[in-house]
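The structure under discussion appears below in the form of structure tokens.
The values are calculated or read from the model by the stated rules, or taken from the named source; none is laboratory data. The shown structure was predicted, so the numbers you read here are calculated from the model rather than taken from an experiment. Note that we place each Cβ from the backbone using ideal geometry, even for glycine, and neighbour counts take in every protein chain shown.
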């Protein structure tokens, strides 16, 4: 039952959405395999997926630090200038006595995106070095996969656009350095999720486990 | 679709459990004592053939979201103070302001993210729960697809919360112009979070368990 790395063997998988057992053929790069019954994407194969993902994750960490170091937008009216960084968005809620909203914004725009980038680098390096401490890496990767939906930086970018338009006729808006780093970060995060198939990592973690 | 298939059998019918996280297949022990948990040998998560109490949990979260949906739309999500006078804004009024400003593409995006998506989530999840409760035989492929779409778009409803966060952080010019978050924002955020959890605890495999083909 254990999955094998040899490409002539078939891997038995159950579809997560409909539980149908099916044998997956070894796919070539650029191909995707869907469940025959419900159409769920079971596996996608990207060329050199681990290396590329690691590169994107490392770039992501750098851009994340840059995006958080400076204000991404500033507003000047009446001779007063107000600026906002990623952190001050959640800080504003805290100061207005809305701790639940502050925590929600803090986790979805800073903590989860950062943890997922750092965690991804740790997992990918461990897998690449073939030094896998399964008791550590597997729960970490599980955590990353289950909190994936809660990192909402791309939603935040749309919100920035809406806010800029809403304020446009009220005051002068200056886009900061962080804004460009932020946009680049969104692109890198998208490329990361496109290049990595979690199944590749699980396959590595499954090696040597008797089932 | 490139998958080969020997026989149409689910993991459960074959006596296997697929790990919810890493998808490893594990043999279900023939005799299992109650209250003992089975752990995945690969990722050490607790194994279940189906998410335990999936329908109960999803219904509870959905009901809570339905209740909070009312204050989320009635109460102001933010109060804009401009030259001393305060003006409360609900979600719908926010969309209308964008429309009045001639920003219809953006108004459309906010309308879809803040009004259409939450309603769609509440309706689709309720429909799925009811269809399973009454063992509906209606197109399981479409129902599974609806579930996947709903799970994918749910997070985009957060856009309004982030807009308020940015506006509150930026617009603090005392009595001249200030923006404060309202209780509607809190309720709306709770609706988004609760429906995301509800979608997460829903097990789409239950749709297929009911099918007798």
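Taking the residues in segment A:73-96 that are more than 9 Å from chain B (Cβ to nearest Cβ) and outside any helix (DSSP H, G or I) as candidates, determine which candidate is farthest from residue A:196 (Cα to Cα). Before the answer, list the steps.
Filtering segment A:73-96 for residues more than 9 Å from chain B (Cβ to nearest Cβ) gives A:76, A:79, A:81, A:86-87, A:94.
Applying the additional criterion that residues be outside any helix (DSSP H, G or I) yields A:76, A:79, A:81.
Numbers: A:76: 42, A:79: 48, A:81: 42 Å.
Here the answer is A:79.
Pairs are defined by a Cβ separation below 7 Å, a sequence spacing of at least 6 or placement on different chains, a first member in segment B:126-148 that is on the phi < 0 side of the Ramachandran plot, and a second member that is loosely packed, with under 14 Cβ neighbours inside 10 Å; the pairs so defined are B:131/B:138; B:137/B:211; B:140/B:211.
Could you list, in sequence order, the residues of segment A:149-168 that are over 17 Å from residue B:168 (Cα atoms) and more than 7 Å from every other protein chain (Cβ to nearest Cβ)?
Those that are over 17 Å from residue B:168 (Cα atoms) and more than 7 Å from every other protein chain (Cβ to nearest Cβ): A:150, A:151, A:153, A:154.
Considered as a group, the residues in segment A:163-185 that are modelled with pLDDT of 90 or more and surrounded by fewer than 18 Cβ atoms within 10 Å (Cβ to Cβ) include one that is farthest from the chain's Cα centre (by Cα), and that residue is A:180. In segment A:134-148, the residue that is surrounded by the most Cβ atoms within 10 Å (Cβ to Cβ) out of those that are within 7 Å of another protein chain (Cβ to nearest Cβ) and under 14 Å from the mean Cα position of the chain (by Cα) is A:142.
Which members of segment B:82-108 meet the condition of being in a strand (DSSP E or B) and over 14 Å from residue B:164 (Cα atoms)? It would help to see each step written out before you state the result.
Step one: of segment B:82-108, the residues in a strand (DSSP E or B) are B:82, B:85-89.
Matches in segment B:82-108: B:82, B:85, B:86, B:87.
Of the helices (runs of 4 or more DSSP H) that lie entirely inside segment A:124-203, those containing 2 or more residues that are in contact (Cβ under 8 Å) with a residue 60 or more places away in the chain and under 30 Å from residue B:44 (Cβ atoms) span A:134-146, A:177-195. On the given criteria, is residue B:153 in a helix (DSSP H, G or I), without any contact (Cβ under 8 Å) to a residue 60 or more places away in the chain and more than 10 Å from chain A (Cβ to nearest Cβ)? So residue B:153 passes the test.
More than 7 Å from every other protein chain (Cβ to nearest Cβ) and within 14 Å of the chain's Cα centre (by Cα): which single residue out of B:112, B:123 fits that description? It would help to see each step written out before you state the result.
On the way: B:112 fails: within 14 Å of the chain's Cα centre (by Cα).
Every option except B:123 fails the conditions.
Selection of segment A:59-89 for residues being modelled with pLDDT of 90 or more and crowded, with 20+ Cβ neighbours inside 10 Å yields A:60, A:63, A:64, A:67.
So which of B:97, B:39 ends up being over 26 Å from the mean Cα position of the chain (by Cα), at pLDDT 85 or above and surrounded by fewer than 18 Cβ atoms within 10 Å (Cβ to Cβ)?
The conditions single out B:39.
Got at least one residue in segment B:50-72 being in a loop (DSSP other than H, G, I, E, B), within 10 Å of chain A (Cβ to nearest Cβ), surrounded by fewer than 20 Cβ atoms within 10 Å (Cβ to Cβ) and modelled with pLDDT of 85 or more? Yes, the conditions are met somewhere in segment B:50-72. For residue A:14, are the conditions met, namely being at pLDDT 80 or above and assigned by TED's automatic domain parsing to the domain that holds residue A:153? Considered against the rule, which asks whether it is at pLDDT 80 or above and assigned by TED's automatic domain parsing to the domain that holds residue A:153, residue A:14 comes out as no.
I need the full set of residues from segment A:32-58 which are crowded, with 16+ Cβ neighbours inside 10 Å, without any contact (Cβ under 8 Å) to a residue 40 or more places away in the chain and more than 10 Å from chain B (Cβ to nearest Cβ), in order please. The answer is A:55, and nothing else. When you check residue A:101 against the structure, is it at pLDDT 90 or above, in contact with a strand residue (DSSP E or B) (Cβ under 9 Å, 6 or more places away or on another chain) and at the interface with chain B (Cβ under 8 Å from one of its Cβ atoms), yes or no? Yes; evaluated as a whole, the condition is true for this residue.
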